[in-house]
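Below: one structure, written as structure tokens.
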Amino acid sequence: AGVTSKHAGMAFPDWPTSAEKIIWFYNQSGGPTVDGLIAVNASVMEDMLKVLGPVQAAGSTVTADNFFSVTQRAVELDYDRAANTPKEFIAALAPPVLDKILHADRADLLALMGVFTNGLTAKDIQLYFSDANLAAALDDFGWSGRIKQTDGDYLAVVNANIGGQKTDAVISQQIFHQARI
């Protein structure tokens, strides 16, 4: 059955549990209060760039076709090691993407809504908000990333990349499962 752990320092397959822990750590660092978090897998950015077209970020032209390779190179190899800012490239990528979204035409906005809908359905976008009513609505839509509680068993394959290296695009995984009753 779906059981999650609440031990500090662990990655949780249940997004609300992870979000609560992230918010706890952020609050401990003295940051402002946080009402919610949105988790977005990198594949969503690739799909957005298919709609928006190329963007310029940190001296690179980023397209849907090269997003993973350019981003991986930037965050693993080409960052300022003295300042230790491997994710600076991702911060530099956000403004031109947001600008393209804000200036998108109707057709592109509709296509982006499809990207977001597909991302929510595929759990590539997961939403967490501390407001109980909003959290319940997200659960009802299946957008919260909450692991469903059940009296039965289920298989949940969970991969967590907590080291910061973004090698997921080059990892091949096969899972063979057989159940006998």
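The values are calculated or read from the model by the stated rules, or taken from the named source; none is laboratory data. Just so we're clear, the structure is a prediction, and the values are computed from it rather than from any experiment. Cβ: placed from backbone, ideal geometry, glycine included. Neighbour counts: every protein chain shown. The area values use the complete protein model at the heavy-atom level, side chains included, leaving out ligands, DNA and RNA. Shrake-Rupley method; radii C 1.70, N 1.55, O 1.52, S 1.80 Å.
Here are the numbers for the structure shown:
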item: Local net charge near residue 60, Cβ-Cβ under 11 Å (Lys/Arg +1, Asp/Glu -1); result: 0
item: Extension gain from residue 25 to residue 82, taking 0.36 nm per residue of separation minus the Cα-Cα distance; result: 18.0 nm
item: For the range 50-63, 3J(HN,Hα) per residue [Karplus equation, 6.51 cos²θ - 1.76 cosθ + 1.60, θ = phi - 60°, Hz, x = Gly/Pro]; result: 4, 7, 7, x, x, 10, 9, 8, 6, x, 10, 8, 10, 10
item: Accessible surface of the range 35-111 [probe 1.4 Å, protein heavy atoms]: carbon and sulfur percent; result: 57
item: Answer label for mean projected area of the Cα convex hull in nm² (calculated), chosen among (i) 11.3; (ii) 12.3; (iii) 13.7; result: (iii)
item: Magnitude of the charge dipole, the range 60-181, Cβ model with Lys/Arg +1 and Asp/Glu -1, debye to 20; result: 220
item: Karplus-derived 3J(HN,Hα), 6.51/-1.76/1.60, for each residue of the range 133-145, Hz, glycine and proline x; result: 5, 5, 4, 5, 5, 4, 4, 4, 7, x, 9, 8, x
item: Residue-normalised accessible area of the range 82-150, given per residue in Å² at a 1.4 Å probe; result: 65
item: Separation of the residue 158 and residue 110 label points, Cα + 7 Å toward Cβ, nm; result: 4.0
item: Pair residue 176, residue 35: separation of 7 Å Cα→Cβ label points (nm); result: 5.1
item: Heavy-atom SASA rank of 140, 35, 131 (probe 1.4 Å, accessible area, largest first); result: 140, 35, 131
item: All aspartates and glutamates inside 14 Å of residue 148 as judged from Cα atoms, apart from same-chain residues fewer than 8 positions distant; result: 14, 139, 140
